[in-house]
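Single-structure report; data block below.
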Amino acid sequence: MKKLLIFCALFLSLSTTKAKDTEGYIAQHVEFAQCLMRDYKIPASLILAVAIHESASGNSRIAQYLNNHFGVKGANTNLEIQSSYRDYLNADESYSHFVEIMETRVPFNALFAKYDQYDYQGWAKGIQRSGYAQSRTWSSQVIALIKKYELYQYDDRPEGYEEPVYKTTYRRKSKSSLRYYTVKTGDNLSILAKKKGTTVLKLMKRNGLKKANLKIGQKIKL
């Protein structure tokens with residue numbers, strides 16, 4: 001009976017060290033995230049939100065077994081699970097390594113000169129552009145977490161600080177969405193230019209044409 005009580009006490013002790021929900025996860029790691037922010041000038045809100053997103057608030061398998069909170073790949077020595085993600089001694093080491101990646105690896109290290117410790121949106125968008133994640137919605141998801149849990153309150157923002165306003169990124173049309181026209185009998189660049197509201201020269205440049213002559217059945221971009 002005594003052994004059972006000791007085991008239960010040990011189990012409860014271990015379980016309380018792991019966050020059961022996002023609020024608990026934040027409370028557990030916010031202090032260290034702020035230490036990293038003050039040392040490296042990267043928002044604590046951003047650090048926490050990325051960790052929440054990549055580790056499911058500490059509940060993912062790689063967080064539980066490998067102490068990996070940022071989805072960093074690499075070798076590990078863990079025998080309990082097979083994984084392509086690297087392992088850490090503890091969560092703090094994983095947090096420190098994430099900031100180290102930002103500071104030492106190109107192109108992430110250029111973000112420090114571009115954004116300050118208060119601009120979590122700039123950081124999130126910059127990290128995504130730099131290739132940290134393949135998902136096109138990664139930065140939006142990270143920013144949404146920061147706003148949902150008001151993580152910006154941990155960024156030591158000065159009184160009266162106003163967040164930069166970022167425009168929605170313009171996406172260029174893919175080649176498949178460009179309008180192609182099939183040349184018919186009686187067509188010429190002059191007629192097509194008038195229909196499109198452009199000039200013959202612009203149509204020639206757009207289609208890489210050296211001569212203005214067209215062939216029936218030829219496809220050109222309008």
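The values are calculated or read from the model by the stated rules, or taken from the named source; none is laboratory data. Just so we're clear, the structure is a prediction, and the values are computed from it rather than from any experiment. Using ideal geometry, Cβ is built from the backbone for each residue, glycine included, and neighbour counts are taken over all protein chains shown.
Odds and ends about this structure:
- Applying the condition of being touching a Leu at 6+ places or on another chain (Cβ under 6 Å) and at pLDDT below 85 to region 163-207 and asking which residue is surrounded by the fewest Cβ atoms within 10 Å (Cβ to Cβ) yields Arg179.
- In summary, Ile101 fulfils each of the numbered conditions (1) among the β-branched types (Val, Ile, Thr); (2) outside any helix (DSSP H, G or I); (3) closer than 26 Å to Arg38 by Cβ with the single exception of condition (2).
- Against the criterion of being loosely packed, with under 12 Cβ neighbours inside 10 Å, without any contact (Cβ under 8 Å) to a residue 40 or more places away in the chain and assigned to a helix (DSSP H, G or I), Ala113 qualifies.
- Selection from region 79-105 of residues that are of a type in the set (Gly, Ala, Ser) and more than 15 Å from Val50 (Cβ to Cβ): Ser83, Ser84
Every residue, every condition in (1) surrounded by fewer than 22 Cβ atoms within 10 Å (Cβ to Cβ); (2) closer than 24 Å to Thr104 by Cβ; (3) modelled with pLDDT of 95 or more, yes or no:
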residue	(1), (2), (3)
Cys8	yes, no, no
Phe11	yes, no, no
Thr16	yes, no, no
Arg38	yes, yes, yes
Ser55	no, yes, yes
